[in-house]
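K.L.:
Dropping the structure in here first, questions after.
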Amino acid sequence: MDKRDLRIKKAEFVTSCGKGSRYPEHEGQEIAIVGKSNVGKSSLINALCGSNKLAKTSQRPGKTRLINFFRCLYGEKGAFTLVDLPGYGFALASKQEQADWGALIESYLASGRVSHIFMLIDIRHDPTADDIQMFKYVLYYALPYTLVATKADKLAKSKRRQAANRAAKLLGAPPYAIAFSAETGEGRAELLERIAGIVLPPEDDPEGEEGEE
Ligand SMILES: Nc1nc2c(ncn2[C@@H]2O[C@H](COP(=O)(O)OP(=O)(O)O)[C@@H](O)[C@H]2O)c(=O)[nH]1
Ligand SMILES: [Mg+2]
């Protein structure tokens, strides 16, 4: 785990992309957020960036049909990009909508732009068949990922760790997920450390603790 502090100084919306639109110019490492509709993707982006209106959140599932790009600035002149992907699995989606979603997501994941995936699962529920399919895409494209169990505040504190790990295990991953709450900020520091490990250049190890022989 990277202990360096990555404080996001500023975050701003860049653009939305649908089917056939060109992605924006690549800016820093790109971290994409995936998960079913309503799992808390937009809320997580807002919580990480310390804003409550950067990414639009909604109680009505399935609103975002576009890929939304957010530029995050840190340190002197560092930048990375958070990408809010359209959610899957909402009951209203027609076959055509599902096909469009699949094409959009697959071409994005295959684009070579993505450095890392944050895959979100609801801490209260077992992963759905769609979650398992999504996780298979992530593995297929060989993308590094971090699992995040959202809405941790909705479970008793004593149950959170076990529930987060269980969700990861049921997904078919090693049994660990970061327990996260956009409401309370639980897990935010751990996610920012994870981001530091992804976007900051490797650090010389002054202690030599894990240095070469
Ligand atoms: N209690 C609680 N509610 C959350 C949390 N994250 C998101 N929500 C709620 O869940 C709903 C969907 O959130 P949203 O971020 O729009 O989900 P998205 O569809 O994945 O982008 C909204 O009503 C949010 O307020 C959380 O950590 N705790
Ligand atoms: Mg959203």
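The values are calculated or read from the model by the stated rules, or taken from the named source; none is laboratory data. Owing to the predicted nature of the structure, the values given are computational and were not obtained by experimental measurement. Counting neighbours? That spans all protein chains shown, and the Cβs are built from the backbone with ideal geometry, glycine included.
K.L.:
So THR184 passes all but one of these: (1) crowded, with 17+ Cβ neighbours inside 10 Å; (2) more than 16 Å from the chain's Cα centre (by Cα); (3) assigned to a loop (DSSP other than H, G, I, E, B). Which condition number does it fail?
P.N.:
(1) is the only condition that THR184 fails.
K.L.:
Taking the criterion of being within 15 Å of ligand 2 (Cβ to nearest atom), among the aromatic types (Phe, Trp, Tyr) and touching a strand residue (DSSP E or B) at 6+ places or on another chain (Cβ under 7 Å), would at least one residue in the stretch 122-143 satisfy it?
P.N.:
no
K.L.:
Note down all Cβ pairs under 6 Å where the first residue falls in the stretch 23-44 and is touching a residue at least 24 places away in the same chain (Cβ under 8 Å) and under 18 Å from GLY187 (Cβ atoms), the second is near ligand 1 (Cβ under 6 Å from one of its atoms) and outside any loop (DSSP other than H, G, I, E, B), and they're at least six residues apart or on different chains.
P.N.:
ILE33/LYS41; GLY35/LYS41; VAL39/THR150; GLY40/THR150
K.L.:
Give the residue, chosen from VAL114, VAL39, VAL14, that is more than 12 Å from ligand 1 (Cβ to nearest atom), among the aliphatic types (A, V, I, L, M), over 17 Å from ILE198 (Cα atoms) and buried (at least 16 other Cβ atoms within 10 Å of the Cβ).
P.N.:
That would be VAL14, the only listed residue that is more than 12 Å from ligand 1 (Cβ to nearest atom), among the aliphatic types (A, V, I, L, M), over 17 Å from ILE198 (Cα atoms) and buried (at least 16 other Cβ atoms within 10 Å of the Cβ).
K.L.:
Give the residue, chosen from LEU104, LEU85, that is surrounded by fewer than 21 Cβ atoms within 10 Å (Cβ to Cβ), within 16 Å of ligand 2 (Cβ to nearest atom) and not small (Gly, Ala, Ser).
P.N.:
Of LEU104, LEU85, the one residue that is surrounded by fewer than 21 Cβ atoms within 10 Å (Cβ to Cβ), within 16 Å of ligand 2 (Cβ to nearest atom) and not small (Gly, Ala, Ser) is LEU104.
K.L.:
State all residues of the stretch 146-166 that are surrounded by 16 or more Cβ atoms within 10 Å (Cβ to Cβ) and within 20 Å of SER43 (Cα to Cα); if no residue qualifies, say none.
P.N.:
THR146, LEU147, VAL148, ALA149, THR150, LYS151, ALA152, ASP153, LEU155, ARG160, ALA164
K.L.:
Taking TYR140 as meeting all but one of (1) surrounded by fewer than 16 Cβ atoms within 10 Å (Cβ to Cβ); (2) within 16 Å of GLY20 (Cα to Cα); (3) of a type in the set (Phe, Trp, Tyr), write down the number of the exception.
P.N.:
So the condition that TYR140 fails would be (2).
K.L.:
On to the next question. Looking only at the stretch 142-182, count every residue that is of a type in the set (Gly, Ala, Ser) and out of contact with any Phe, Trp or Tyr (no Cβ under 7 Å at 6 or more places or on another chain) and tell me the total.
P.N.:
10
K.L.:
Starting from residues that are assigned to a strand (DSSP E or B) and at pLDDT 95 or above, keep the ones in the stretch 17-37 and report whichever is nearest to LYS136 (Cα to Cα).
P.N.:
Per the criteria, the residue is VAL34.
K.L.:
Mind checking which residues of the stretch 59-70 are modelled with pLDDT under 80, among the polar types (S, T, N, Q) and surrounded by 14 or more Cβ atoms within 10 Å (Cβ to Cβ)?
P.N.:
THR64
K.L.:
Taking only the stretch 17-36 into account, find how many residues are crowded, with 16+ Cβ neighbours inside 10 Å and either within 16 Å of ligand 2 (Cβ to nearest atom) or over 19 Å from VAL114 (Cβ atoms) (or both).
P.N.:
Final tally of qualifying residues: 7.
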